[in-house]
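Report on one structure; see the data block that follows.
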Amino acid sequence: RGYATATTDSAPKVATFKSAKPTASVTVLLSAGSRHEAKPGVAHVLSNFAFKRNAKHSALGTVRQAELYGGVLSSTLTREHLALTAEFLPGDEAFFIDLLASHISTAQYTPYELQELVYPSVLDEARAVQLSPATRALELAHAVAFRRGLGNSLFADPDAVHAVGIPDIATLHTTGLGGASLSATNLDAAAVAELFAASLPEDAPSLSSTAPVVPVTTYFGGSTRIADFHAGSSAVFLGFGTTTAAAVPALHALAAHISPAPAVKWSAGAGPLAGKLPGGIHAETYVFPYSDGTLFGTLLRGSPAVLKDGAQAVVTALKDAAGGLGKEAAQRAAAKAKFTLLGALESPLEQAQLGERATAQVETVGALDGAAISKVAAELLKSKATFTAVGDVHSLPYADEVGL
Amino acid sequence: MTSPMGFSLSPYIKNTPALARACQSAGKWYAGAMGYRRMGLKYDDLINEEHDDIQRALGRLTPRETYDRSFRFKRAFQASVLHKDLPKEQWIPEEQDVRYLTPHIEDVHKEEAERAKWDTIEVERK
């Protein structure tokens, strides 16, 4: 049973990458991220419904055959895309591309699979998120920064999951086929496109090149606090967002500058936060670049009593960076950011999402100087901050108490 | 392991048009004469449910179907206690006597057969 009436494009375009791994992979990126869902939680349920019964293969048959061939099937949900990836040994592309094509065009989404297989795994993930203050802080940061669209949570709420039904899932699947793309690692583009087109049934829906229309992202900012005395540690996210795409390379460099993660393990590191964070606090800087908006910030996790000092140290480091960045510090930041970006490109998901733009972006980041980074930091500090605190709210600070 | 579905000639009869026509009226008369419709039951309500694969198939009914099935049982038990058939307006008409559970049972059997096949398959690496 097909659900979509999307136009069939002949032989989809395939972006190929080379990697040093001995395995090959094919990724289908559907426009079915959490920003495209009409009801909360649908994208999360859809991502767990990957590779279940379709017209050619049953759920059990898919798993057993993939195991016998020696391959890994995965589905990853991000805010903009649902990535269905098959990693396998280079001789087996015919089978795995057939699997992906069958799922995309003839997935049956049966009610009993939803009840027996999908709901339990969605609930497991949703409950695990409820127990993790760090993940909740990041989800809330997006919600506060972008409200709807990019602000939709990646994870379904455990109490709202049962309101998601088969029609919602089928609708999101159909939406996802628009603007979908194919990418392959260590394979030949023409061969992949041919195998993919050959595996699609005649009248079934296929990938189309028109992306679904989404409302344009606006950055709002703000703050929110959630009490969670169950978890042992607390988490605080402080950051900023922007809708300017030109600022993204500088944001990567700024994140690398502020990040307290040392290049050499067990050392204190060299950066504005080296040795300034109280003991027991873990801090990571994040840059979340999306197609029309970016969220930048630092996530601090640890004991609630000292999180306020940690947050104040981070804000001070940001303000100092806005004042001006020394030549050596800027070089260090640019090099670290370049390395992080290149390292991320090793995963099929990142390759598929960033595509050919990746190399150009890495070069831009590597060529940044201190003035560009400080300028972006100063502009961020002028805008409204995003501040989320999850955990022992009695001890956790407010945004203005840490200098934001 | 035997299943409540058991052995049946009906697929062979249905696939032969001449036999199907010949048996049609006798079959319909017999289904009515069995009397379960007069107690407000459908044929699939009679399937013995104390069996693992029937329980799996029952788990696949929609909530509405499950509720209606429970209602029919409750009503039939009352008729049985009174040793009387239900009033005529509560009998199940022939068009409503649909085999709602059998497709699910067949699916369950197919899936179990597939699992047995995958568990015992012999793999040759060429």
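Taking into account only those residues within segment A:45-57 that are touching a helix residue (DSSP H, G or I) at 6+ places or on another chain (Cβ under 6 Å) and open to solvent by less than 20 Å² (accessible area, probe 1.4 Å), which is farthest from the other protein chains (Cβ to nearest Cβ)? That would be A:LEU46.
None of A:THR298, A:THR294, A:THR242 is modelled with pLDDT of 90 or more and surrounded by fewer than 22 Cβ atoms within 10 Å (Cβ to Cβ) except A:THR242. Just one of the listed residues (A:THR340, A:THR316) is farther than 26 Å from A:SER132 by Cβ, open to solvent by 20 Å² or more (accessible area, probe 1.4 Å) and in contact (Cβ under 8 Å) with a residue 24 or more places away in the chain, and it is A:THR316. Among the residues of segment A:274-284, is there at least one that is open to solvent by less than 60 Å² (accessible area, probe 1.4 Å), in a strand (DSSP E or B), under 15 Å from A:ILE373 (Cβ atoms) and at pLDDT 90 or above? No, segment A:274-284 contains no residue that is open to solvent by less than 60 Å² (accessible area, probe 1.4 Å), in a strand (DSSP E or B), under 15 Å from A:ILE373 (Cβ atoms) and at pLDDT 90 or above. Restricting attention to segment B:61-70 and to residues that are of a type outside the set (Val, Ile, Thr) and over 14 Å from B:ASP44 (Cα atoms), the residue that is nearest to the other protein chains (Cβ to nearest Cβ) turns out to be B:PRO63.
Residues in segment B:46-67 that are over 19 Å from B:GLY6 (Cα atoms) and open to solvent by 90 Å² or more (accessible area, probe 1.4 Å): 3 in all.
Here's the yes/no breakdown for (1) farther than 21 Å from A:THR110 by Cα; (2) more than 22 Å from the chain's Cα centre (by Cα):
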| site | (1), (2) |
| --- | --- |
| B:THR62 | no, no |
| B:ASP68 | yes, no |
| B:SER80 | yes, no |
| B:LYS84 | yes, yes |
| B:PRO87 | yes, yes |
| B:ILE92 | yes, no |
| B:ASP97 | yes, no |
| B:ARG115 | no, yes |
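Within the set A:LEU82, A:LEU99, A:LEU68, the sole residue that is more than 21 Å from the chain's Cα centre (by Cα) and either more than 30 Å from B:GLU124 (Cβ to Cβ) or within 14 Å of chain B (Cβ to nearest Cβ) (or both) turns out to be A:LEU68.
Out of the residues in segment A:392-404 meeting the condition of being touching a residue at least 60 places away in the same chain (Cβ under 8 Å) and not in a loop (DSSP other than H, G, I, E, B), tell me which one is most open to solvent (accessible area, probe 1.4 Å). For segment A:392-404, the residue satisfying everything is A:GLU401.
Take B:GLU89 and tell me if it is loosely packed, with under 11 Cβ neighbours inside 10 Å and more than 14 Å from chain A (Cβ to nearest Cβ). Before the answer, list the steps.
Values: loosely packed, with under 11 Cβ neighbours inside 10 Å: yes; more than 14 Å from chain A (Cβ to nearest Cβ): yes.
The answer is yes for B:GLU89.
Of all residues assigned to segment A:288-304, at least one qualifies as being under 30 Å from A:LEU140 (Cβ atoms) and part of a helix (DSSP H, G or I). One residue alone among A:VAL122, A:VAL129, A:VAL118 is β-branched (Val, Ile, Thr), part of a helix (DSSP H, G or I), open to solvent by less than 50 Å² (accessible area, probe 1.4 Å) and in contact with a Ser or Thr (Cβ under 6 Å, 6 or more places away or on another chain), and that residue is A:VAL129.
Screening B:TYR12, B:TYR36, B:TYR43 for residues that are at pLDDT 90 or above, of a type in the set (Ser, Thr, Tyr) and open to solvent by 70 Å² or more (accessible area, probe 1.4 Å) leaves exactly one candidate, B:TYR43.
Inspect all residues belonging to segment A:322-329 and state whether any of them is without any contact (Cβ under 8 Å) to a residue 12 or more places away in the chain and either touching a strand residue (DSSP E or B) at 6+ places or on another chain (Cβ under 6 Å) or among the β-branched types (Val, Ile, Thr) (or both). Looking through segment A:322-329, none of the residues is without any contact (Cβ under 8 Å) to a residue 12 or more places away in the chain and either touching a strand residue (DSSP E or B) at 6+ places or on another chain (Cβ under 6 Å) or among the β-branched types (Val, Ile, Thr) (or both).
Every condition in (1) more than 14 Å from chain B (Cβ to nearest Cβ); (2) open to solvent by less than 20 Å² (accessible area, probe 1.4 Å) holds for A:GLU87 except the one numbered (2). Within segment A:348-391, the set of residues being open to solvent by 40 Å² or more (accessible area, probe 1.4 Å) and outside any helix (DSSP H, G or I) comprises A:GLU356, A:ALA367, A:ASP369, A:SER383, A:LYS384.
Identify all residues within segment B:101-116 that are more than 9 Å from chain A (Cβ to nearest Cβ) and either at pLDDT below 95 or not in a loop (DSSP other than H, G, I, E, B) (or both); write none if there are none.
Taking segment B:101-116 and keeping what is more than 9 Å from chain A (Cβ to nearest Cβ), we get B:101-103, B:105-106, B:108-109, B:112-113, B:116.
Across segment B:101-116, the qualifying residues are B:THR102, B:PRO103, B:ILE105, B:GLU106, B:VAL108, B:HIS109, B:GLU112, B:ALA113, B:ALA116.
Considering the conditions (1) assigned to a loop (DSSP other than H, G, I, E, B); (2) open to solvent by 40 Å² or more (accessible area, probe 1.4 Å), A:GLU194 is excluded by exactly one of them, (1). Could you grab me the full set of residues in segment A:253-285 that are farther than 25 Å from A:GLY232 by Cβ and in contact with an Asp or Glu (Cβ under 7 Å, 6 or more places away or on another chain)? Selection gives A:PRO272 alone.
The values are calculated or read from the model by the stated rules, or taken from the named source; none is laboratory data. These numbers come from a predicted model, not from an experiment. Using ideal geometry, Cβ is built from the backbone for each residue, glycine included, and neighbour counts are taken over all protein chains shown. Keep in mind that these areas ignore ligands, DNA and RNA; they rest on the heavy atoms of the full protein, side chains included. Shrake-Rupley method; radii C 1.70, N 1.55, O 1.52, S 1.80 Å.
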